[in-house]
1. Given the conditions (1) at pLDDT 85 or above; (2) surrounded by fewer than 16 Cβ atoms within 10 Å (Cβ to Cβ); (3) outside any helix (DSSP H, G or I), report the number of the one that Leu37 does not fulfil.
2. So Ser197 clears everything in (1) among the small types (Gly, Ala, Ser); (2) at pLDDT 90 or above; (3) surrounded by 14 or more Cβ atoms within 10 Å (Cβ to Cβ) except one condition, right? Which one?
3. Of the residues in the range 174-192, how many are modelled with pLDDT under 85 and open to solvent by 60 Å² or more (accessible area, probe 1.4 Å)?
4. Would a scan of the range 62-73 turn up a residue that is surrounded by fewer than 14 Cβ atoms within 10 Å (Cβ to Cβ), at positive phi and assigned to a loop (DSSP other than H, G, I, E, B)?
5. If a residue must be on the phi < 0 side of the Ramachandran plot, surrounded by fewer than 16 Cβ atoms within 10 Å (Cβ to Cβ) and either polar (S, T, N, Q) or not in a helix (DSSP H, G or I) (or both), how many such residues does the range 211-234 contain?
6. Name the residues in the range 74-114 that are open to solvent by 70 Å² or more (accessible area, probe 1.4 Å), assigned to a helix (DSSP H, G or I), closer than 17 Å to His220 by Cα and free of Cβ contacts under 8 Å to residues at least 60 places away in the same chain, would you?
7. Take the residues in the range 135-146 that are hydrophobic (A, V, I, L, M, F, W, C) and open to solvent by less than 10 Å² (accessible area, probe 1.4 Å); name whichever of them is farthest from Ile25 (Cα to Cα).
8. Ser6 fails exactly one of the following numbered conditions: (1) open to solvent by less than 60 Å² (accessible area, probe 1.4 Å); (2) modelled with pLDDT of 85 or more. What is the number of that condition?
Amino acid sequence: MKKKESLIFGRQFVCTDCAFKDRPIIIVGPNHFSTDLLANYIRANKPAQISAVSRLVEVPHPDGLPKAEWRLIFVDCLNQNANTIRKMLQTEGASYVQHDIIALFNLSPGTADISIFIDLGVRGFFFDTDEPDVLLKGICALKYGEMWISRGVLMEYISRYPRQNSSIDKVAGRLTPREKDILVELSNGATGEEIASRLFISLHTVKTHITHICKKLDVHNRMQAALWAVKYLR
C-alpha cells in the first residue's frame, strides 16, 4: 500500500515533552468495535485521557467551558456519506467545531467531500486506508493547533478556488504589513508562541492581530485564515 504523505506543520513531536498530553481525546461513533479499537490503540501508544461515546451530543457541551479546555474529538465516518457528515457538523456539531478540535476518521476517499468539511472547520482527516502510525502523528499535529490532511487533498481543495485578482487583492490590501507577516507564519503552521518569538512581539499582540485578520478576511478561526493565505499569498 502506498503511504499517504500528510501535511504536518512545525516541529517534531515527543510525547514526554508534549504540552497537551493531558488534553482529552473523545471518540464518537455508533460502531463500538471501531471506536473501542481506536481508543485502545491510542491508549497503548499515547499519553492521553481517552473516552468513547455513541453520539456527539453525549460529549459535554462546550458552552461555558473556557477556550483553553478544548477537546480533541474524533468522529467515526464509517459507512457515512458526505451529506450525512455535513449535516451533523452544521447542526449538532456546530458548537463543538467552534470550541474543540474536530477530526474525521474512517473516511472513504471516494465519498468524502473534504472541501466542505474544511470550510466547516474540521482540522483532521483520516481515511480507512491510512496506516496506524498516521493516526499517531496526526494526533500530535492536531493537539498543537495544526492541520492534518494529505497534501494531495489539500491541493485539490485549493485548486477549487481559483484566485480572483481584483477581489483578493482588495481583501489583501486591507491587511497591514505586520498582519501579512503573521498570516504567512500561520500558513506555515507556526504556533502563537513561535510567531511571537520570530517577530519579537508578545503572545497577546499575536492573538490581537489574528483576531483582526479573521475579521478582515471574514473567516471564523486561524485555520481558515491559514488556508486563505495558502491559497492567495503563495
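The values are calculated or read from the model by the stated rules, or taken from the named source; none is laboratory data. This is a predicted model, so every value here is computed, not measured. For neighbour counting, all protein chains shown are included, and Cβ atoms are generated from backbone atoms with ideal geometry for every residue, glycine included. Note: accessible area is taken over every heavy atom of the protein model, side chains too, but ligands, DNA and RNA are not part of it. Shrake-Rupley method; radii C 1.70, N 1.55, O 1.52, S 1.80 Å.
1. Condition not satisfied by Leu37: (3).
2. All conditions are met except number (3).
3. Going through the range 174-192 one residue at a time, the tally reaches 1.
4. Scanning the range 62-73 turns up at least one residue that is surrounded by fewer than 14 Cβ atoms within 10 Å (Cβ to Cβ), at positive phi and assigned to a loop (DSSP other than H, G, I, E, B).
5. 5
6. Residue satisfying the conditions is Gln90 alone.
7. This residue is Ala141.
8. All conditions are met except number (2).
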